[in-house]
Structures are given as structure tokens and as C-alpha cells.
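Please read the structure below before turning to the comments.
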Amino acid sequence: MRAPAPILPRQSATKIHSMDNNFAAQTQHIRVGKQAYLEFMPDQVIPHRHSRFISDTLIECDSTATVLYSEILMPGRKHHHQDERFGFDVYSSRISAKNEAGDVLFTEKLVLTPKEKPLDVVGVMGTFDIYGNVIVLTPSTCQDEILSRSRSFYSEELCHGVSRLPQWGWAYL
């Protein structure tokens, strides 16, 4: 019998407060062994006006394991002040994954600087306020079935897309 699958929630949102100097940083190193299953879907990141945040996540995953990982970025405290919606200075997130041999499966880097390049334009965020990124790393035997149940979608309220990673696993953005 397989052991219960761990699900690691955070207690609450990560709030990045305004700052005059420097930045807030987060480093995560996740290891998932043979035939293991891990869901790590933390609560959202809420960057306040004039905040700077750098996140670096490394996922080491055995090729027989499954990992479900996500990030959710809020626009800030948009009802608090007119300049709060995407009022942060920098949001930087890097997610990398390696297999058990140490081969890099993918690296994704997202850097947002809304004062230099506005986010509320077509092709970036448009009218949407929330950015979510869900990554599923799973053996190839499961990928096609999962992908067949997850179709890209667009409406005025919600849009999402699905893409397969180049080497192993797939990503749902």
C-alpha cells in the first residue's frame, strides 16, 4: 500500500510590505523521491506598493514521482490605495526542476517591473488582476491523460493555457 501523499499548505498569504531599500527574498528547495507524490500549492503572494520580492525555487524530482506546485500573484491591495494595483517595484520568480541525475528539466524566470513596463496591457495581464502558475511534473505515462482533460480557455473573467514542458512533465499556466 502506498503511503499517504503529503500536501503542504501555507498558513496565509505572503504579504510583501513597502520598503525604502533592499528587497524581500524567498528560497525554496523541494526534493521528491521515488514514486512519491507532493502537492505544494501555497497561498497567494501580495506585493504591496513600493515592494521588491525575489523568489528562487528548485524542485528535485525523481522520474517516477509526481509534483504539483503553484504560485499565485495578486495585484497588491488594490482597494487600499489607487496606486496599489501592480504598484510594486519588482517581482522576480525563478522556478527550476531537475531529475534524479541532476539534469535540468526546465527553468522558468518571470520578472515584472510594472513602473518600467506596465502589466495592464494586452499580452501581459490586460484586465486580469491575478496571475497563477501551476506546474505538474509527472511520469510520461500520466501526461497525455492529464493534458487531454485540461484545455486552454479564454473569457472576460478567466483565461488559462496548457503547455507541455520540453523534456519531462508538463506545465499548466
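The values are calculated or read from the model by the stated rules, or taken from the named source; none is laboratory data. No experiment lies behind these values; they were computed from the predicted model shown. No Cβ is skipped: glycine too gets one built from the backbone with ideal geometry, and neighbour counts run over all protein chains shown.
Odds and ends about this structure:
- Of all residues in the stretch 42-88, those satisfying the criterion of being more than 12 Å from the chain's Cα centre (by Cα), closer than 19 Å to T14 by Cα and of a type in the set (V, I, T) are I46, I54.
- Filtered by the rule that a residue be of a type in the set (K, R) and in a loop (DSSP other than H, G, I, E, B), the stretch 66-105 gives R77, K78, R85.
- All positions within the stretch 16-51 that are in a loop (DSSP other than H, G, I, E, B), in contact with a strand residue (DSSP E or B) (Cβ under 6 Å, 6 or more places away or on another chain) and farther than 15 Å from H80 by Cβ: F23, M41, Q44
Yes/no per residue for (1) touching a residue at least 24 places away in the same chain (Cβ under 8 Å); (2) farther than 23 Å from G161 by Cβ:
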site: I54; (1), (2): yes, yes
site: L68; (1), (2): yes, no
site: L73; (1), (2): yes, no
site: H79; (1), (2): no, yes
site: Q82; (1), (2): no, yes
site: F86; (1), (2): yes, no
site: V124; (1), (2): no, no
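- Checking P118 against (1) under 19 Å from the mean Cα position of the chain (by Cα); (2) over 19 Å from I30 (Cα atoms); (3) at pLDDT 85 or above; (4) not aromatic (F, W, Y), the condition it does not meet: (1)
Listed here are the residues, each with its yes/no results for (1) surrounded by 11 or more Cβ atoms within 10 Å (Cβ to Cβ); (2) at pLDDT below 85; (3) under 20 Å from L38 (Cβ atoms).
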position	(1), (2), (3)
Q82	no, yes, no
F88	yes, no, no
N99	yes, no, yes
R149	no, yes, no
W170	yes, yes, yes
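- Test result for I59, modelled with pLDDT of 95 or more, in contact with a strand residue (DSSP E or B) (Cβ under 7 Å, 6 or more places away or on another chain) and part of a strand (DSSP E or B): yes
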